[in-house]
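The values are calculated or read from the model by the stated rules, or taken from the named source; none is laboratory data. All values derive from a computational prediction rather than experimental measurement. We place every Cβ from the backbone using ideal geometry, glycine too, and count neighbours over all the protein chains shown. Remember, those area values only see protein heavy atoms, side chains included, never the ligands or the DNA or RNA. Shrake-Rupley method; radii C 1.70, N 1.55, O 1.52, S 1.80 Å.
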Amino acid sequence: RYSLFSNHLKNIEESEGGLDKFTKSYKTFGVNQLADGGIYCKEWAPGAEAVFLAGDFNGWNPFSHPYKKLEYGKWELFIPPEDGCSPVPHGSKLKVVIRAQNGALLYRISPWARYVVRDEDKVNYDWVHWNPPQSYIHKNPSPKRLKSLRIYESHVGIASPEGKVASYKNFTYNVLPRIKDLGYNCVQLMAIMEHAYYASFGYQVTSFFAASSRYGTPDDLKEMIDVAHSMGITVLLDVVHSHASKNSEDGLNQFDGTDSCFFHSGYRGNHQLWDSRLFDYANWEVLRFLLSNLRMWIEDYRFDGFRFDGVTSMLYHHHGIGTGFSGDYNEYFGLHVDEDALCYLMLANHMINSLHPECITIAEDVSGMPALCRPVAEGGGGFDYRLAMAIPDKWIQIIKELKDEDWNMGNIVHTLTNRRHEEKYIAYAESHDQALVGDKTLAFRLMDAEMYTNMSVLMPLTPVIDRGIQLHKMIRLITHALGGESYLNFMGNEFGHPEWLDFPRIGNNESYHYARRQFNLTEDDLLRYKFLNAFDRDMNKLEERFGWLASPQAYVSEKHESNKVIAFERAGLIFIFNFHPYQSYVDYRVVIWPSSLTVAFKYKILLDSDAGEYGGHQRLDHNTEYFSEEYPHNYRPNSIMV
């Protein structure tokens, strides 16, 4: 794999003048304003017979501005300035006109378009030339690379209690302060790359270089990222390079009138489950397009890195469809692996690490491909983190299938610690996947219909709500502290957001009722959501203080099946969880670490899920001091009683 990567890199150096020049193509392809006021246009359309530019600037004459054909399927056009001014004014609508091999004229949006909009009375998007007299100027530097990532997974459009598409401005001034207050230091933005179908959650991308206009302008997004940086918040983009929308009117599909162009032709170019097109990663111009796309988001918008979606689909020719992964190494090495896609990922991470070493990359891979998060120089994929995708599945399985007294402590610990510790993992109890319609969030699984009637503090605390609130906190804390080297939460789930997430579509009468986040629930003192919100905030603030995510793996000293107790040490803190449904313990002895103590240690409670401010029963005295003893327990010489 490293040899394949090295060959690609060598070819880029020899034929393109280096990776830096190769990936700067976003500055020349598409429609670009020149310093003298002229316009330079460039496209890749290998299947086209002829290419033209039409739009408001020429009265939509499809033939007045023909492109010149270059080598390797490229086309270029230069339009001189008019009296020192641009011949294509800011805000002009444009289309690339392709004469296909069958003679048909196809009106297409440039794959490199920076801004596309859809009028309310129209079905299709318009490509709009974005060249304002004064673009937004970033004022704040990007935060330094974080040691402990606490990620707030977010969607701009649903980030409001109101039933509408929320804006970049709303996120900037109403949501970012909330994220900061909750102790998250990183926001991961979904559905930013333009997607014609809102209900696709941003995963059916139509314009890869355009920030979604349904939330505002490109400058609004730049301001949002700049304000996040002023708060010390790192901003990651959920990037979709695993596939593209089949939409040919608004997207890349059949751009030049052929079935291929950016994609494999025929069966290999179609994803059977997602009903989308699959990129041809062996194609030189596809590599140019995708690598330049990453660089544009970093350099123009100042994103601090990426979460790569659908990596499992990219890695294998079978795309993970109907395939299970047991961890056997034969599943990861063989002819079923798409080496071209893997090489692209290695090139992407090498480019990012070389040109912008402060940036972070995350892989969404369910297969467990070995070395995906090891350096490219070792033959690895080059990612910084991978998602620990088995953890949320485990919590769902436990809650759905087991009685509380049947929870297996060893199985929980195994799931939370079963990872290659030379690769960094992002732990999470639930993400957007669990919030979508057809699934349930942890809060909804735990409390279900009673969330509608018994979340008021004026109502008696029922056993269902009591159990749900306590387990919601415990599940999140043990996942945070034991499950990885980073932590992720989907917006709203920190306070147990009720119901599910569903975007407006024909099936729900285009309703926005479930396409929103009811942050107002945490601000009502009469509702119990405030308890979960406060616990999540203080959990993050405690990690910020002690940095357990950046510490070596935890030492688990106890997973007691009959007592339902899990105890472990990480970053100098002792974590003790009692998952027993009805049994409490007095003078319970637990190991302390390190084992070779020469002086007695004194411990105090730092975070207690049973505290009153978190909706607990206040059964512990926080003034109590706990002293270590030279008393052997669980094969260690020192312990304390709690």
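Would you mind getting the Kirkwood hydrodynamic radius of region 425-481 from its Cα pairs, rounded to one decimal in Å?
Result for region 425-481, one decimal place: 12.4 Å.
Using a 1.4 Å probe on the protein heavy atoms, what percent of the accessible area of region 1-149 belongs to carbon and sulfur?
Carbon and sulfur: 50 percent of the exposed surface of region 1-149.
If you roll a 1.4 angstrom probe over the protein chains with everything in place, what fraction of the accessible area of region 291-444 belongs to carbon and sulfur, to the nearest %?
49 percent
Helix-derived [θ] at 222 nm for the chain: sum -39500 (n - 2.57) over DSSP H runs of at least 4, divide by residue count, nearest 500?
Result for the chain, helices only: -7000 deg cm²/dmol.
If we restrict to alpha carbons, what Rg and Dmax does region 555-641 come to, in Å?
In order Rg, Dmax, the Cα atoms of region 555-641 give 13.3, 39 Å.
Just need the relative contact order of region 30-110 here, percent rounded to a whole number, with Cα pairs under 8 Å and 6+ apart.
Taking the mean separation of contacting Cα pairs over the length of region 30-110, I get 34 percent.
Holding the Cα-Cα limit at 29 Å, pick out from 403/440; 69/222; 246/394 the pairs that are longer than that.
69/222; 246/394
At 1.002 mPa s and 20 °C, plugging the Kirkwood radius over alpha-carbon pairs of region 122-176 into Stokes-Einstein gives what diffusion coefficient in µm²/s?
D = 141 µm²/s.
Using the reciprocal of the averaged 1/r over all distinct C-alpha pairs, how large is the Kirkwood radius of region 112-217 in Å?
15.5 Å
For region 148-208, state which GluC sites (Glu not before Pro) are in a DSSP loop and have at most 15 other beta carbons lying within 10 Å of their beta carbon.
When the GluC sites (Glu not before Pro) of region 148-208 are filtered for loop state and at most 15 Cβ neighbours within 10 Å, 162 remain.
Tell me the GluC sites (Glu not before Pro) within region 244-325 that lie in a loop according to DSSP and have at most 16 other beta-carbon atoms within 10 Å.
Qualifying residues, ordered by number: 249.
In square nanometres, what is the average projected area of the Cα convex hull of region 312-378?
4.6 nm²
For residue 68, which aspartates and glutamates qualify as cross-link partners when the Cα separation must be under 16 Å and same-chain residues fewer than eight apart are set aside?
Once the sequence-local aspartates and glutamates are set aside, what remains near residue 68 is 43, 49, 76, 256.
What does the highest-first list of 53-59, 526-532 look like by mean Cβ count within 10 Å?
526-532, 53-59
Can you give me the pair-distance distribution of region 497-642, C-alpha pairs, 5 Å bins, whole percents?
P(r) for region 497-642, in whole percents per bin: 2, 8, 13, 16, 17, 13, 10, 7, 5, 5, 3, 2, 1, 0.
What order do you get for 443-450, 324-331 when each peptide is scored by the mean count of other beta carbon atoms within 10 Å, highest first?
443-450, 324-331
Carbon-plus-sulfur fraction of the accessible area of region 218-265, 1.4 Å probe, in percent?
35 percent
Using modelled amide H (1.01 Å from N, peptide plane; none on Pro or chain starts), what sits under 5 Å from the amide H of residue 160, excluding residues fewer than 5 places away?
Residues meeting the amide H criterion: 517.
Given the Cα-Cα distance of residue 323 and residue 162 and 0.36 nm per residue of separation, how much length would full extension add, in nm?
Result: 53.9 nm gained on full extension.
Counting other Cβ atoms within 10 Å, keep those with at most 14, restrict to DSSP loop, and tell me which trypsin sites (Lys or Arg not before Pro) in region 56-148 are left.
122, 139, 144, 145, 147
Taking a cut-off of 18 Å, what percent of all Cα-Cα pairs in region 316-431 are separated by more than that?
Tail of P(r) above 18 Å: 58 percent of Cα pairs.
How high is the relative contact order of region 555-641, given as a whole-number percent (alpha carbon pairs under 8 Å, six or more residues apart)?
25 percent
Per residue, how much space in cubic angstrom lies within the convex hull of the C-alpha atoms of region 1-107?
132 Å³
Would you mind giving the average projected area, over all directions, of the Cα convex hull of region 507-563 in nm² with one decimal?
The number I arrive at for region 507-563 is 8.9 nm².
Report the Stokes-Einstein translational diffusion coefficient (µm² s⁻¹, integer) for region 9-56, Rh taken as the Kirkwood radius over Cα pairs, at 37 °C with viscosity 0.692 mPa s.
For these conditions, the coefficient is 253 µm²/s.
How much accessible area per residue does region 499-642 have, in Å², with a 1.4 Å probe?
54 Å²
Order 430, 422, most accessible first, counting only protein heavy atoms with a 1.4 angstrom probe.
Result, largest first: 422, 430.
Using mean Cβ contacts within 10 Å as the protection proxy, how do 406-414, 581-589, 630-638 order, highest first?
406-414, 630-638, 581-589
Could you state the accessible area per residue of region 30-110 in Å², with a 1.4 Å probe and every protein chain left in place?
46 Å²
May I have the pair-distance distribution P(r) for region 169-289, computed from all Cα-Cα distances with 10 Å bins from 0 and rounded to whole percent?
Using 10 Å bins, I get a P(r) of 13, 37, 27, 17, 6, 0 for region 169-289.
Membrane-span-like helices in the chain: DSSP H runs reaching 27 Å or more (Cα, own axis), mean Kyte hydropathy at least -1.0?
Sorted by number, the helices that extend far enough and score high enough are 463-482.
From largest to smallest, what semi-axes in whole angstrom does region 77-151 give when each is the square root of 5 times an eigenvalue of its alpha carbon gyration tensor?
Equivalent ellipsoid semi-axes, largest first: 34, 21, 14 Å.
Relative contact order (percent) for the chain, with alpha-carbon contacts under 8 angstrom and 6 or more residues of separation?
The normalised contact order for the chain reaches 11 percent.
Find, to one decimal place in angstroms, the Kirkwood hydrodynamic radius of the chain, where the mean of 1/r is taken over every pair of different Cα atoms and then inverted.
Computed over the chain, the radius equals 26.6 Å.
Please work out the average accessible area per residue across region 240-334, using the 1.4 Å probe convention, and give it in Å².
33 Å²
Can you tell me the alpha carbon radius of gyration of region 272-327 divided by the globular rule-of-thumb value 2.2 N^0.38 Å?
1.41
Just to be sure I understand the curve: with the Debye formula and one point per C-alpha of region 225-324, what is log10 I(q)/I(0) at q = 0.15, 0.20 Å⁻¹?
The Debye formula, applied to the Cα set alone, gives -0.70, -1.04.
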